[in-house]
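Trainee: This is the structure I want to talk about, given as structure tokens.
Where a number appears in this text, it was derived from the coordinates with a stated rule and is not lab data. Only a predicted model underlies this, so the values are computations on that prediction, with no experimental measurement involved. Cβ atoms come from the backbone with ideal geometry, glycine included; neighbour counts cover every protein chain shown.
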Amino acid sequence: MAKYLILIVAVILFVLETKFSLFSPIEFHGDLTYLVPRFLIIYLIFLSIYYDRRKAMWYGLVFGLLYDIFYIDIIGLYTFLYPFICFIAGSTVKYIHQHLVVTTTLSLVLVAVLEILLHQFFVLIQFTDLSFTEFLNHRLVPTMIANSIFLIMLGWTFKYLLEARVLEKANQSIL
């Protein structure tokens, strides 16, 4: 059952991102502030670190393609970036400790990298004229705060879910 639980959680997070994005933008001191939920990529980062980098990259490819199809008009952007972020996370694990605090920090850094890459791509194709300073103040910082809260609430759950799957997989291979 835990084998399918990983996929079920990914699907639920994919759907929840849409529901939470309805709360954005928020007016704060007369300015619009955008909170972009990145629940799925955070989960895929944890999947890449605690379970299997290749599987996380495959999930990233599939869900990135779904994200491109359903939410933006540019096919291939998330399809490339999600597996790329998973690859970086899985490769970085070889050099760092897999402690939850380190993994949480790495996840937040990679979400920031994802947001910056997306912003720069949209500036490059002239899809947005938002300056980097405005992007930083009105989108990146609020997004990082919102995703930090999400990680604090559910990061340990992701870790233990994935570690339980690793143990289950190891027990099956012994039998």
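Trainee: Starting from the Kirkwood radius over alpha-carbon pairs of region 13-94, derive D by Stokes-Einstein at 10 °C in a medium of 1.306 mPa s and give it in µm² s⁻¹.
Mentor: Numbers: Rh = 13.5 Å.
Rounded to a whole number, D works out at 118 µm²/s.
Trainee: Counting other C-beta atoms within 10 Å, which of Asp68, Asp129 has the fewest, and how do the rest follow? Walk me through the intermediate numbers first.
Mentor: Numbers: Asp68 19, Asp129 8.
Ordered by Cβ neighbours within 10 Å, fewest first: Asp129, Asp68.
Trainee: Could you list Val36, Val113 so that the one with the fewest beta carbons within 10 Å of its beta carbon is first and the one with the most is last?
Mentor: By the 10 Å Cβ count, ascending: Val113, Val36.
Trainee: What do you get for the angle between helix 77-92 and the principal long axis of the chain? Use alpha-carbon atoms, 0 to 90 degrees, nearest ten.
Mentor: So the helix axis and the longest Cα principal axis differ by about 50 degrees.
Trainee: Here's something else I'd like to know. Can you give the FRET efficiency for Trp156 and Leu5, using 1/(1 + (r/R0)^6), R0 = 22 Å, r = Cβ-Cβ distance, to the nearest 0.05? Provide the component values of the computation, followed by the final result.
Mentor: Working: r = 16 Å, r/R0 = 0.73.
Plugging the Cβ-Cβ distance into 1/(1 + (r/R0)^6) gives 0.85.
Trainee: While we're looking at this one, here's another question. Using r as the Cβ-Cβ distance of Ser91 and Lys19, and R0 as 41 Å, what FRET efficiency do you calculate, to the nearest 0.05?
Mentor: Values: r = 32 Å, r/R0 = 0.78.
In this case the efficiency is close to 0.80.
Trainee: What is the extension gain from Val62 to Thr105, computed as 0.36 nm multiplied by their sequence separation minus the C-alpha to C-alpha distance, in nm to one decimal? It would help to have the intermediate numbers written out before the result.
Mentor: Details: separation 43, 0.36 × 43 = 15.48 nm, distance 2.52 nm.
13.0 nm is the gain from fully extending Val62 to Thr105.
Trainee: For the chain, how big is Rg over Rh, using alpha carbon atoms and the Kirkwood form of Rh? Walk me through the numbers before you get to the answer.
Mentor: Details: Rg = 16.6 Å, Rh = 16.8 Å.
Using Cα coordinates only, the ratio equals 0.99.
Trainee: A follow-up question, please. Across bins of 5 angstrom width beginning at 0, how are the C-alpha pair distances of region 132-175 distributed, in whole percent?
Mentor: 5, 20, 13, 12, 11, 10, 9, 7, 5, 4, 2, 0
Trainee: Pulled fully out, how much extra length does the chain show between Leu117 and Ile149, if you take 0.36 nm times their separation in residues and subtract their Cα-Cα distance? Don't jump to the answer; show the numbers that get you there.
Mentor: Details: separation 32, 0.36 × 32 = 11.52 nm, distance 2.23 nm.
Roughly 9.3 nm would be gained on extension.
Trainee: Give me the angle, in degrees from 0 to 90, between the Cα long axis of helix 39-50 and the longest principal axis of the Cα atoms of the chain, rounded to the nearest 10.
Mentor: 40 degrees
Trainee: How high is the relative contact order of the chain, given as a whole-number percent (alpha carbon pairs under 8 Å, six or more residues apart)?
Mentor: Over the chain, the number comes to 26 percent.
Trainee: Same structure again: In what sequence do Tyr34, Tyr95 fall when counting other Cβ within 10 Å, fewest first? Write down the numbers at each step before the final one.
Mentor: Values: Tyr34 16, Tyr95 6.
Listing Tyr34, Tyr95 from fewest to most nearby Cβ atoms yields Tyr95, Tyr34.
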